[in-house]
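Visitor: I have a structure I would like to understand better, so I am pasting it below and will then ask my questions one at a time.
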Amino acid sequence: MNGVPKGGILNGRFPRSRLVQVCSVLLLVAGWFVASLPETSDADAVRLARRFAFERVPLNGAAAARDVRQVAPAYRHIDHWISSVGAAVALADVEGAGRPADACVVDPRDDSVTLAPVPGSGGRMPTTRLTPSGLPFDATMAPMGCTPGDYNEDGLTDVLVYYWGRSPVLFMRTPHALGRPGAFVPQELVTPRQTWNTNAVSVADVDGDGHADLVIANYFPDGARVLDPHASHGRLVMQRSMSAAYNGGRKHILLWRSGQGGARPSATYTEPPSPLPDRTSKGWTLATGVQDIDGDGLPDLYLANDFGPDRLLRNVSTRGRPRFEEVKGVRHFTTPKSKVIGRDSFKGMGVAFGDLDGDAVPDIFVSNITQEYGLLESNFAWLSQGRKIFQGGTVRYDDHSESLGLARSGWAWDVKMGDFAGDGRTEIVQATGFVKGRVNRWPQLQELAMTNDDLLNRPGAWPDFRPGRDDVSGHDHDPFFARLPGGRFLDISGRLGVDDRSVSRGIALADVQHDGRLDYAVANQWRRSFFYRNVRTSRSPYLGLRLVRPAGGCTVPAKAPVGRASGPVTPAIGASARLLGGTGGVRTGQVYPANGHAGVSAPELLFGLDGGAANVPVRLSWRDACGTLHTGEARLAPGWHTVLLTSDGSIREAGS
């Protein structure tokens, strides 16, 4: 080496090996700084928390009847895993009081579906259990969620209940008094009845004909008798891959065809040929989301898939012919493949829409498994990149979850976005946790995640997951993310006392009292579920919109006279509102209450207003019952309004 020490300087330069070592160290140090979250002072957190206050109220009883379901023999050693879903909640106006003061709670402890007033709301509806009397139903079937809606368009609120072990049931409301026999008539959604295992339902006018259709997302393969203790193996399989499984239940698009009210109410849906490719249709879907992303009046579809890439589907349907085009995000030089829409390998568990960057284009938040020392994936905060969101087969969304402080929250499920402080800023609440027990089984789950795909779909190859003993992310807390002045979000759930460590599933939002304060409910698995009443003392002006259209079929009336409307009305599903003028804050919203996993919000919009706001100019868009797309403007005083959107394009006050 001519006297030059090994590893020393040669001709004034570092040897290549030493240069590589130095660069590697520098990259590791830089990566550590990039990955480390900025520290937030306690003073900042305290100031942020002062904007919020909640009172926690139980929604169901405390007695725990059980904590596991009977399952097919193939799944018996993983019955804890198979029993990990089923808690659900919805907030709606079932009574017809003009505000969403009623809750529908699905409790897996006794497989009950219960309608009751939210405690303390002043609601008068008697507690009602929804059971599919007269229809085939046995212990091999269990409810997974409830979705209130006006399915026959008669102005009364019906309820769709979906299950594992059978296709959904419509509970059609009759003119009989609530709480009495005959108030709800059970009806099969599809005939003949099918063996489905449904985990999510969204309601949207898919084909633009003016009537709300249904998106049904099944999890286990159609026909699999998962909860039948006598079922043979047959379709009883698990996913074929942890990151690219396409052997799950199908997605079914059901188009509304007709409805009838009265003493014998009914609704009819038909299923056209599937508009989805086979691989897209058979993902293991845990959550669905619908939103008109590009403003063309048709709802686009997001499928949050467990064990495979999520799918964003652009709606290009025509009346009676639903059709979707799959789009994918753009991968930049610094973008990992798993952070590109349509190419990710994470575990999609929940999805919500909102405007996080103030550009009036819907952004998308997706829950994933983000467990430290577990499957540390990442939540997604897909922010829109410009107004022309769809460009050919691509979609202009980039993930900003890390920079926004939203990347990690535990094993996350449903997620909702809303303005809980009434100041025009968006907060995010999540349900978290998987199965609760005494012994940490993450090591076994990590081994399972590395199992050869040829074995993974065989239940017998899975390690035991037994109730009471085994724990996988069973002590995560439900986060409440609020935004700091600099733009990052901070989880302040502990300071607000809403950091429940029960294993939770669904979340529903509503301004139950119509006082301008947004409330929420959380459904817990094998535990009591809770309603979080917003009791903040600071009051600010707000605009609440209950957007409705006349109930009934396609009729075009003469020009509507000025004054309040009469006659039954139905929620204007898919209608959108945009506040004009003002300074900053959330200014847009769309009426799509049934988005996500196991949580259904009220079909209403609530906006915080700038201080001192007088009449607020609002641009409204909607489809009437004939399928015609309308746009109009109105000036509304702060407060709650029921706004009638008519078939002649006029906007009328229908009560407050």
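Visitor: Looking for something on the phi < 0 side of the Ramachandran plot, among the basic types (Lys, Arg) and modelled with pLDDT of 95 or more - is there at least one such residue anywhere in region 582-601?
Guide: Keep residues of region 582-601 that are on the phi < 0 side of the Ramachandran plot, which gives 583, 586-595, 597, 599-601.
Going one step further and asking which of them are among the basic types (Lys, Arg), we end up with 587.
Retained after the next criterion (residues that are modelled with pLDDT of 95 or more): none.
For region 582-601, residues on the phi < 0 side of the Ramachandran plot, among the basic types (Lys, Arg) and modelled with pLDDT of 95 or more: absent.
Visitor: For region 258-295, name all the residues that are among the charged types (D, E, K, R) and within 28 Å of Leu312 (Cβ to Cβ).
Guide: First, the residues of region 258-295 that are among the charged types (D, E, K, R): 264, 271, 278-279, 282, 292, 294.
Glu271, Asp278, Arg279, Lys282, Asp292, Asp294 - these are the residues of region 258-295 that are among the charged types (D, E, K, R) and within 28 Å of Leu312 (Cβ to Cβ).
Visitor: Given Val190, Val161, which one is assigned to a loop (DSSP other than H, G, I, E, B), of a type in the set (A, V, I, L, M, F, W, C) and at pLDDT 95 or above? Reasoning before the result, please.
Guide: On the way: Val161 fails: assigned to a loop (DSSP other than H, G, I, E, B).
Answer to the check: Val190.
Visitor: Condition check: open to solvent by 30 Å² or more (accessible area, probe 1.4 Å) and touching a Ser or Thr at 6+ places or on another chain (Cβ under 9 Å). Does Asp357 satisfy that? Before the answer, list the steps.
Guide: Values: open to solvent by 30 Å² or more (accessible area, probe 1.4 Å): yes; touching a Ser or Thr at 6+ places or on another chain (Cβ under 9 Å): yes.
The answer is yes for Asp357.
Visitor: Can you tell me which residue in region 607-634 is nearest to Gly516 (Cα to Cα), limited to those that are at pLDDT 95 or above and open to solvent by 40 Å² or more (accessible area, probe 1.4 Å)?
Guide: Taking the candidates together, the pick is Arg619.
Visitor: Taking the residues in region 401-457 that are of a type in the set (Asp, Glu) and in a loop (DSSP other than H, G, I, E, B) as candidates, determine which candidate is nearest to the chain's Cα centre (by Cα).
Guide: Checked region 401-457; the qualifying residue nearest to the chain's Cα centre (by Cα) is Asp419.
Visitor: Another question about this same structure. Any idea how many residues of region 110-121 are assigned to a loop (DSSP other than H, G, I, E, B), modelled with pLDDT of 95 or more and either of a type in the set (Lys, Arg) or in contact with an Asp or Glu (Cβ under 9 Å, 6 or more places away or on another chain) (or both)?
Guide: Residues that pass the stated criteria total 1.
Visitor: Now a separate question. So Ala177 ticks every box in (1) of a type in the set (Gly, Ala, Ser); (2) more than 28 Å from Ala572 (Cβ to Cβ); (3) without any contact (Cβ under 8 Å) to a residue 12 or more places away in the chain but one. Which box is left unticked?
Guide: With respect to (1) of a type in the set (Gly, Ala, Ser); (2) more than 28 Å from Ala572 (Cβ to Cβ); (3) without any contact (Cβ under 8 Å) to a residue 12 or more places away in the chain, Ala177 is out only on (2).
Visitor: Now, a different point. Please report, ordered by residue number, the strands (runs of 3 or more DSSP E) entirely within region 314-378 with at least 1 residues that are hydroxyl-bearing (Ser, Thr, Tyr) and within 18 Å of Ala304 (Cβ to Cβ). Outline the logic, then answer.
Guide: Working: elements: 324-327, 350-354, 363-367.
Passing ranges, in order: 363-367.
Visitor: Also, I was wondering about something else. Please work out which residue is surrounded by the most Cβ atoms within 10 Å (Cβ to Cβ), limiting yourself to region 175-207 and to residues that are among the small types (Gly, Ala, Ser) and touching a His at 6+ places or on another chain (Cβ under 9 Å).
Guide: First pass over region 175-207, keeping only residues among the small types (Gly, Ala, Ser): 177, 179, 182-183, 200, 202, 204.
This time we only want the ones that are touching a His at 6+ places or on another chain (Cβ under 9 Å), so: 182-183, 200.
On the way: Gly182: 10, Ala183: 21, Ala200: 29.
Out of the qualifying residues, it is Ala200.
Visitor: Now, a different point. Quick one: in region 635-651, of everything that is crowded, with 18+ Cβ neighbours inside 10 Å and not hydroxyl-bearing (Ser, Thr, Tyr), which residue is farthest from Val512 (Cα to Cα)? Give the steps one after another, and end with the answer.
Guide: Filtering region 635-651 for residues crowded, with 18+ Cβ neighbours inside 10 Å gives 636, 638, 640-647, 651.
Those left that are additionally not hydroxyl-bearing (Ser, Thr, Tyr): 636, 638, 640-641, 643-645, 651.
Working: Leu636: 21, Pro638: 17, Trp640: 12, His641: 14, Val643: 18, Leu644: 20, Leu645: 23, Ile651: 25 Å.
Taking the candidates together, the pick is Ile651.
Visitor: I want to confirm something. Restricting to region 531-545 and keeping residues that are of a type outside the set (Ser, Thr, Tyr) and in a loop (DSSP other than H, G, I, E, B), which single residue is least open to solvent (accessible area, probe 1.4 Å)? Full working, then the answer.
Guide: If we filter region 531-545 for residues that are of a type outside the set (Ser, Thr, Tyr), which is where we start, we get 531, 533-536, 539, 541, 543-545.
Subsequent filtering for residues that are in a loop (DSSP other than H, G, I, E, B) retains 535-536, 539, 541.
On the way: Val535: 53, Arg536: 7, Arg539: 145, Pro541: 39 Å².
Among residues in region 531-545 that are of a type outside the set (Ser, Thr, Tyr) and in a loop (DSSP other than H, G, I, E, B), the one least open to solvent (accessible area, probe 1.4 Å) is Arg536.
Visitor: Another question, then. Among Thr318, Thr288, which is modelled with pLDDT of 95 or more, under 15 Å from Ala200 (Cβ atoms) and polar (S, T, N, Q)?
Guide: After ruling out the rest, the residue left standing is Thr288.
Visitor: Could you say which residue among Arg56, Arg124, Arg99 is touching an Asp or Glu at 6+ places or on another chain (Cβ under 9 Å), buried (at least 19 other Cβ atoms within 10 Å of the Cβ) and of a type in the set (Lys, Arg)?
Guide: Arg99
Visitor: Among the numbered criteria (1) touching a Phe, Trp or Tyr at 6+ places or on another chain (Cβ under 7 Å); (2) at pLDDT below 95; (3) open to solvent by 40 Å² or more (accessible area, probe 1.4 Å), which one does Gly308 miss?
Guide: (3)
Visitor: Something else about it: Which of the residues belonging to region 391-425 are basic (Lys, Arg) and over 25 Å from Val435 (Cβ atoms)? Break it down stepwise before answering.
Guide: Let us first name the residues in region 391-425 that are basic (Lys, Arg), namely 396, 408, 416, 425.
Those that are basic (Lys, Arg) and over 25 Å from Val435 (Cβ atoms): Arg396, Arg425.
Visitor: Test of understanding: among Ser274, Ser241, which residue is touching a residue at least 12 places away in the same chain (Cβ under 8 Å), open to solvent by 20 Å² or more (accessible area, probe 1.4 Å) and part of a loop (DSSP other than H, G, I, E, B)?
Guide: On the way: Ser241 fails: open to solvent by 20 Å² or more (accessible area, probe 1.4 Å).
The conditions single out Ser274.
Visitor: Which members of region 395-408 meet the condition of being of a type outside the set (A, V, I, L, M) and either more than 24 Å from Ala508 (Cβ to Cβ) or open to solvent by 20 Å² or more (accessible area, probe 1.4 Å) (or both)? Please lay out each step first, then the result.
Guide: Our first condition is that a residue be of a type outside the set (A, V, I, L, M); within region 395-408, this holds for 396-403, 405, 408.
If the condition is that a residue be of a type outside the set (A, V, I, L, M) and either more than 24 Å from Ala508 (Cβ to Cβ) or open to solvent by 20 Å² or more (accessible area, probe 1.4 Å) (or both), then Arg396, Tyr397, Asp398, Asp399, His400, Glu402, Ser403, Gly405, Arg408 are the ones that fit.
Visitor: Please determine whether any residue of region 283-301 is among the hydroxyl-bearing types (Ser, Thr, Tyr) and open to solvent by 20 Å² or more (accessible area, probe 1.4 Å). Spell out the reasoning first.
Guide: Filtering region 283-301 for residues among the hydroxyl-bearing types (Ser, Thr, Tyr) gives 285, 288.
So of that shortlist, the ones also open to solvent by 20 Å² or more (accessible area, probe 1.4 Å) come out as none.
Among the residues of region 283-301, not one is among the hydroxyl-bearing types (Ser, Thr, Tyr) and open to solvent by 20 Å² or more (accessible area, probe 1.4 Å), which makes the answer no.
Visitor: Sticking with this structure for a sec: Mind telling me which of the residues Gly223, Gly234, Gly248, Gly210 ends up being open to solvent by 20 Å² or more (accessible area, probe 1.4 Å), at pLDDT 95 or above and either small (Gly, Ala, Ser) or not in a loop (DSSP other than H, G, I, E, B) (or both)? Let's see the steps before the verdict.
Guide: Values: Gly234 fails: at pLDDT 95 or above; Gly248 fails: open to solvent by 20 Å² or more (accessible area, probe 1.4 Å); Gly210 fails: open to solvent by 20 Å² or more (accessible area, probe 1.4 Å).
Among Gly223, Gly234, Gly248, Gly210, only Gly223 is open to solvent by 20 Å² or more (accessible area, probe 1.4 Å), at pLDDT 95 or above and either small (Gly, Ala, Ser) or not in a loop (DSSP other than H, G, I, E, B) (or both).
Visitor: Mind listing just one residue for me: the one in region 458-491 that is within 17 Å of Ala412 (Cβ to Cβ) and not in a strand (DSSP E or B) and, of those, most open to solvent (accessible area, probe 1.4 Å)?
Guide: Looking at residues that are within 17 Å of Ala412 (Cβ to Cβ) and not in a strand (DSSP E or B), I get His475.
Visitor: Which ones in region 166-221 are more than 28 Å from Gln590 (Cβ to Cβ) and of a type in the set (A, V, I, L, M, F, W, C)?
Guide: Ala177, Leu178, Ala183, Phe184, Val185, Phe220
Visitor: Answer with yes or no whether Gly165 is closer than 28 Å to Thr127 by Cα and open to solvent by 20 Å² or more (accessible area, probe 1.4 Å). Don't jump to the end; show me each part of the working.
Guide: On the way: closer than 28 Å to Thr127 by Cα: yes; open to solvent by 20 Å² or more (accessible area, probe 1.4 Å): no.
Answer is no for this residue.
Visitor: If we scan region 411-427, do we find a residue that is open to solvent by 10 Å² or more (accessible area, probe 1.4 Å), without any contact (Cβ under 8 Å) to a residue 24 or more places away in the chain and of a type outside the set (Phe, Trp, Tyr)?
Guide: Looking for residues that are open to solvent by 10 Å² or more (accessible area, probe 1.4 Å), without any contact (Cβ under 8 Å) to a residue 24 or more places away in the chain and of a type outside the set (Phe, Trp, Tyr), one finds none in region 411-427, hence no.
Visitor: Can you name the number of the only condition in (1) touching a Gly at 6+ places or on another chain (Cβ under 9 Å); (2) closer than 29 Å to Ala90 by Cβ that Ala381 fails?
Guide: Every listed condition holds for Ala381 apart from (1).
Visitor: Oh, and also: With respect to Asp228, is the statement that it is in a loop (DSSP other than H, G, I, E, B) and within 27 Å of Cys626 (Cβ to Cβ) true? Show your work before the answer.
Guide: Working: in a loop (DSSP other than H, G, I, E, B): yes; within 27 Å of Cys626 (Cβ to Cβ): no.
In short, no.
Visitor: Do you know which of the residues in region 329-351 that are farther than 14 Å from Asn379 by Cα and open to solvent by less than 60 Å² (accessible area, probe 1.4 Å) is nearest to the chain's Cα centre (by Cα)?
Guide: In this case the residue turns out to be Gly342.
Visitor: Sticking with this structure for a sec: Please state which one of Gly374, Gly392 is on the phi > 0 side of the Ramachandran plot and open to solvent by 10 Å² or more (accessible area, probe 1.4 Å).
Guide: Values: Gly374 fails: on the phi > 0 side of the Ramachandran plot.
Just a single option satisfies the conditions, and that option is Gly392.
The values are calculated or read from the model by the stated rules, or taken from the named source; none is laboratory data. These numbers come from a predicted model, not from an experiment. Neighbour counts are summed over all protein chains in view; Cβ atoms, including those assigned to glycine, are modelled from backbone coordinates with ideal geometry. Areas reflect the complete protein model, heavy atoms only, side chains present, ligands, DNA and RNA absent. Shrake-Rupley method; radii C 1.70, N 1.55, O 1.52, S 1.80 Å.
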